[in-house]
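Asks: I am attaching a structure below and will ask some questions about it afterwards.
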Amino acid sequence: MAPPAGRIRPGRYLSIFVLIVVVLYALVFFTGGGKPTPKLGIDLQGGTRVTLSARTPDGSAPSKDSLNQARQIIEKRVNGIGVSGTEVILDGNNIVITVPGEQGDQAKKLGQTAKLGFRKVLEAQTPTTPPTPAAPGADDQSPAQIQQAKATRQDPGLVTGTGDSLAESATAQQALAAFTCSAQDPLRGNDDPNLPLLACNQDGSEKYLLGPVFLQGTEIDNAVSSPPAQNKPGWTVDLTFKSGGRQTWADFTTKNINQRAAFVLDTQVVSAPTIQSAIVDGNTQISGSFTQQQTKDLADVLKYGSLPLSFTSSDATTVSATLGLASLKAGLIAGGLGLALVFVYCLFYYRLLGALTIVSLALSGLVVYSVLVLLGRWIGFTLDLAGVAGFIISIGVTADSFVVFFERLKDEIREGRTFRSAVPRGWTRARRTILASDAILFLASAVLYAIAVGDVQGFAFTLGMSTVLDLVVVFLVTHPLVALASKSKFLSNPKLTGLGGVQHLADERRTARKAAAAAAKEA
């Protein structure tokens, strides 16, 4: 038989909470290398800084609009791939990216132009010489080199005709044979999509004569990393096109069965599959010799569009965290003092109920810590000073939920109910208030996270997360513990619970009502 409204089976709720904690800490210690520490932000552990210098094909200064657009796209990539705590700052013609820890390679990937185009393969050859290695420290994207590469690799005379009649010219075979693959590519991110292109695949094992771009990467609606399956041996990037791109791709694949299409990323052919049949559902795959991380990185950059400029990146430099650690120490001292004051107040004012509050806060801290560790592994979340501030404020939020519940208990006892009967009725009344206040705070955190950037987002995220975990602790720990205490004669002792004064007031009111009723009856 179900318990009456407001009454619960405390053991069941506490068991659920224990199960949650066990699962969380099993994930903490037995997954992700088992390192049970959260990721710290730049201001707490330092980081790595990479400067991206904007380059234009003609060597002119990039426009402010293009730089701002590039910065915004990089910020979207940062948010999308979960490199939390990253700073993206515009500094003249440079974009400075600072990432937590030693993630210089990750910062450089964020600055990849990622200009994707779909081109028809007109001719393919196997190189007779190995790819030319990159010269250390060489600048391979000077304006002169870019123009020279365009003149030889994007010569309009390489093809004849347009559209369905597009074909290689008489001189194309000779030009393709003379073309050598090189690790340094001046056209990287600077090729003209309206002209043909001589290009190589990723490992330099095949070179191609490609037609003009017939489908731009801007027509991609979504890109997802996909693991190996029965019909595909390796990792792939699954693409979904927008409506316009879907129709263009369907038309091309319908007319070019048994022909090859090249997926060209920053002038490098990442895949050149043969079209087996018409593809009309708007989906396709980029396959190649990819690792899981490579497909994830490629999918992430394609999702948020290509940069309007090409960039050269500097060597990674280390950023100190001395100031951040000093601030963290001050923040932890402030948080510790605040927590101590909450404990003293709870014990002085609520006694046993205050002790239950302390237990609940400690268990809440256990859950929060494990969630921080797991979020750092799964989405790259990093804890910064703003996040620490959010957690300090959340102590007050959690304590407020306890106060609401305990004051409702007092109200019920003032009405003449016993501690045991007051718990379910007080909880029913307090629950609505707790849910409403936490919902408002969570909504405010969500709005702040949506409209803010940088450190403020970290503050909003941790405050919102703490609000959700507050509900978990209040519903699965605090209320069940109080319900258990109310069933014990020893723990229900008014002197122990701190409710003696309230019960004494209730007794006086009860006596006064009886006296008034007796007087009225005699009259």
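Readers should treat all values here as calculations from the given coordinates under stated rules, not as data from a laboratory. It should be emphasised that the depicted structure is a prediction, and the values quoted were computed from it without experimental measurement. Here the Cβ is made from the backbone with ideal geometry for all residues, glycine too, and neighbour counts use every protein chain on show.
Asks: Can you list the equivalent-ellipsoid semi-axes of the stretch 114-313, largest first and in whole Å, using the square root of 5 times each Cα gyration tensor eigenvalue? List each step's numbers first, then the result.
Replies: On the way: eigenvalues 128, 88, 54 Å².
Working through the eigenvalues yields semi-axes of 25, 21, 16 Å.
Asks: To check you understand DSSP bridge types, tell me what percent of the beta bridges within the chain (both residues inside) are antiparallel, rounded to 5.
Replies: Working: 53 of 56 bridges.
Close to 95 percent.
Asks: So what's the back-of-envelope 222 nm ellipticity for the chain, counting only DSSP H runs of four-plus at -39500 (n - 2.57) apiece and dividing by all residues, rounded to 500? The partial results should precede the final answer.
Replies: On the way: 16 runs with 266 residues, N = 523.
So the helix-based figure for the chain works out to -17000 deg cm²/dmol.
Asks: Taking the dipole about the Cα centre of the chain, with the C-beta of Lys and Arg at +1 and of Asp and Glu at -1, give me whichever of 364, 389, 158 is farthest to the positive side.
Replies: Checking the options against the dipole of the chain, the answer is 364.
Asks: Any chance you could run the full-extension gain for residue 231 through residue 69? It's 0.36 nm times the residue separation minus the Cα-Cα distance, nm to one decimal. Spell out each step's value before the answer.
Replies: On the way: separation 162, 0.36 × 162 = 58.32 nm, distance 3.92 nm.
Here the segment from residue 231 to residue 69 would lengthen by 54.4 nm.
Asks: Quick one: dipole size for the chain, taken about the Cα centre, charges +1 on Lys/Arg Cβ and -1 on Asp/Glu Cβ, in debye to the nearest 20. The partial results should precede the final answer.
Replies: On the way: 47 positive and 40 negative charges, 703 e Å.
Dipole size: approximately 3380 debye.
Asks: Next up: Could you tell me which of 330, 8, 148 has its Cα farthest along the dipole of the chain towards the positive end, charges placed at Cβ (Lys, Arg +1; Asp, Glu -1), taken about the Cα centre?
Replies: 8
Asks: With the Cα gyration tensor of the chain in hand, give its eigenvalues times 5 under a square root as the equivalent ellipsoid semi-axes, listed largest first in whole angstrom.
Replies: Details: eigenvalues 870, 125, 68 Å².
The answer is 66, 25, 18 Å, longest axis first.
Asks: Mind putting together the pair-distance distribution for the stretch 433-481? All Cα pairs, 10 Å bins, whole percent per bin, short to long.
Replies: Using 10 Å bins, I get a P(r) of 28, 45, 22, 6, 0 for the stretch 433-481.
Asks: Express the relative contact order of the chain as a whole percentage, based on alpha carbon pairs under 8 Å and six or more residues apart in sequence. Could you put the intermediate results ahead of the total?
Replies: Numbers: 894 pairs, mean separation 105.7, N = 523.
Rounded, it is 20 percent for the chain.
Asks: Still on this structure, I have one more. If we sort 406-413, 267-274 on the protection proxy, mean other Cβ atoms within 10 Å, highest first, what's the order?
Replies: Values: 406-413: 21.1, 267-274: 18.8.
The most tightly packed comes first, giving 406-413, 267-274.
Asks: Go through the stretch 187-293 and name the trypsin sites (Lys or Arg not before Pro) that are in a DSSP coil and have 14 or fewer other Cβ atoms within 10 Å of their Cβ. It would help to have the intermediate numbers written out before the result.
Replies: Working: sites: 188, 207, 242, 246, 255, 260; in loops: 188, 242.
Counting only loop positions with at most 14 other Cβ atoms within 10 Å, the trypsin sites (Lys or Arg not before Pro) in the stretch 187-293 are 242.
Asks: Something else: How many angstrom lie between the Cα centre of the stretch 276-314 and the Cα centre of the stretch 237-271?
Replies: Centre-to-centre distance over Cα atoms comes out at 12 Å.
Asks: Give a quick list of chymotrypsin sites (Phe, Trp or Tyr not before Pro) in the stretch 450-493 that DSSP marks as loop, anything other than H, G, I, E or B, with at most 10 other Cβ atoms within 10 Å. Display every interim value, and only then the final one.
Replies: Numbers: sites: 459, 461, 475, 490; in loops: 490.
In loop regions of the stretch 450-493 (DSSP not H, G, I, E or B), the sparsely surrounded chymotrypsin sites (Phe, Trp or Tyr not before Pro) are 490.
Asks: May I ask for the distance between the Cα centers of the stretch 363-420 and the stretch 430-500, given as a whole number of Å?
Replies: Result: 4 Å between the Cα centres.
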